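S.K.: Structure provided below as structure tokens; questions to follow.
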Amino acid sequence: MPPEPEAPRWTSAARPLDPARIVRTLDRHGVAYVLIGGLAAVVHGYQGATFDADLVPALDEANLAGLAAALEELHATVFANPARTDLGVGGAPPEAADFAFDPQALRRHLDWHLSTDAGLVDVSLVVDRIGGFDELEAEATQVAVHGVQLRVASLDHLIESKAAAGRPKDLRALPELRALRDERGDR
């Protein structure tokens, strides 16, 4: 019998975002993480749109094994954004060769941009100017979303991370995020 073909490691296709499926899958696998980025901003009341889920996981072996299992269930592959300038032959992103569903592989890069059956998922091990899971969790807000208890980055951390990223979409979000923080007196 011929061996099964290897699953693709990368794609440039992105499906519509299904946040409920993403958080429920992570919850089923017991993944400890802090939600950051646009989806976290929306949870805090931001009115803008987002097209991916960004998360920072705890880095212990068991948690990364749960994350790997959740990503496998979501059929994750490395996302090769066509706008990237570092794509290799045939459009493959360089990190695709390192991607696998195990804790060691997930530690090989500080950021993973993944395409899943439930939309784009970005996994960051460290956030510029803030740190990792422990630093984010210390100030995170606990909220129930889609029947799942989530840790969501504080508005201060969201503002700091978007300012550090400096992308036009992040800079456009800053005035509204600051207004939300000021309205709540979170400062």
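The values are calculated or read from the model by the stated rules, or taken from the named source; none is laboratory data. Quick caveat: nothing in here was measured; it's all calculated off a predicted structure. Quick reminder, even Gly has a Cβ in these numbers, built from the backbone with ideal geometry, and neighbours come from all protein chains shown.
S.K.: Within segment 103-134, how many residues turn out to be assigned to a loop (DSSP other than H, G, I, E, B) and at pLDDT 95 or above?
M.R.: 10
S.K.: Let me ask something else about it. Would you tally the residues in segment 61-110 being exposed (fewer than 14 other Cβ atoms within 10 Å of the Cβ), under 21 Å from residue 25 (Cβ atoms) and in contact (Cβ under 8 Å) with a residue 60 or more places away in the chain?
M.R.: Number of matching residues: 0.
S.K.: Further, regarding this structure: Going through segment 161-187 one residue at a time, which ones are assigned to a helix (DSSP H, G or I) and either of a type in the set (Lys, Arg) or within 17 Å of the chain's Cα centre (by Cα) (or both)?
M.R.: 161, 162, 164, 165, 169, 170, 172, 178, 181, 184
S.K.: Next question. Only one of (1) closer than 19 Å to residue 37 by Cα; (2) within 16 Å of the chain's Cα centre (by Cα) fails for residue 107. Which number is that?
M.R.: (1)
S.K.: Can you tell me how many residues in segment 135-151 are assigned to a helix (DSSP H, G or I) and in contact (Cβ under 8 Å) with a residue 60 or more places away in the chain?
M.R.: So the answer is 2.
S.K.: When the residues of segment 20-38 are filtered to those that are touching a helix residue (DSSP H, G or I) at 6+ places or on another chain (Cβ under 6 Å) and assigned to a helix (DSSP H, G or I), which remaining residue is farthest from residue 59 (Cα to Cα)?
M.R.: 25
S.K.: Now for a different question. Please work out which one of (1) in a helix (DSSP H, G or I); (2) under 22 Å from residue 141 (Cβ atoms); (3) in contact with a Lys or Arg (Cβ under 8 Å, 6 or more places away or on another chain); (4) not aliphatic (A, V, I, L, M) is the condition residue 95 fails and give its number.
M.R.: Only one criterion is unmet by residue 95, namely (2).
S.K.: Okay, next question. Of (1) farther than 26 Å from residue 64 by Cα; (2) in contact with a helix residue (DSSP H, G or I) (Cβ under 9 Å, 6 or more places away or on another chain); (3) charged (D, E, K, R), residue 172 satisfies all except one. Which?
M.R.: (2)
S.K.: Go over the candidates 158, 114 one by one and state the one that is surrounded by 21 or more Cβ atoms within 10 Å (Cβ to Cβ), within 18 Å of the chain's Cα centre (by Cα) and free of Cβ contacts under 8 Å to residues at least 60 places away in the same chain.
M.R.: 114 is the lone residue from the list that is surrounded by 21 or more Cβ atoms within 10 Å (Cβ to Cβ), within 18 Å of the chain's Cα centre (by Cα) and free of Cβ contacts under 8 Å to residues at least 60 places away in the same chain.
S.K.: Residue by residue through segment 82-111, note down the ones that are among the aliphatic types (A, V, I, L, M) and in contact with a Leu (Cβ under 6 Å, 6 or more places away or on another chain).
M.R.: Within segment 82-111, 106, 110 qualify.
S.K.: Residue by residue through segment 68-81, note down the ones that are outside any loop (DSSP other than H, G, I, E, B), touching a Leu at 6+ places or on another chain (Cβ under 8 Å) and farther than 17 Å from residue 124 by Cβ.
M.R.: 77
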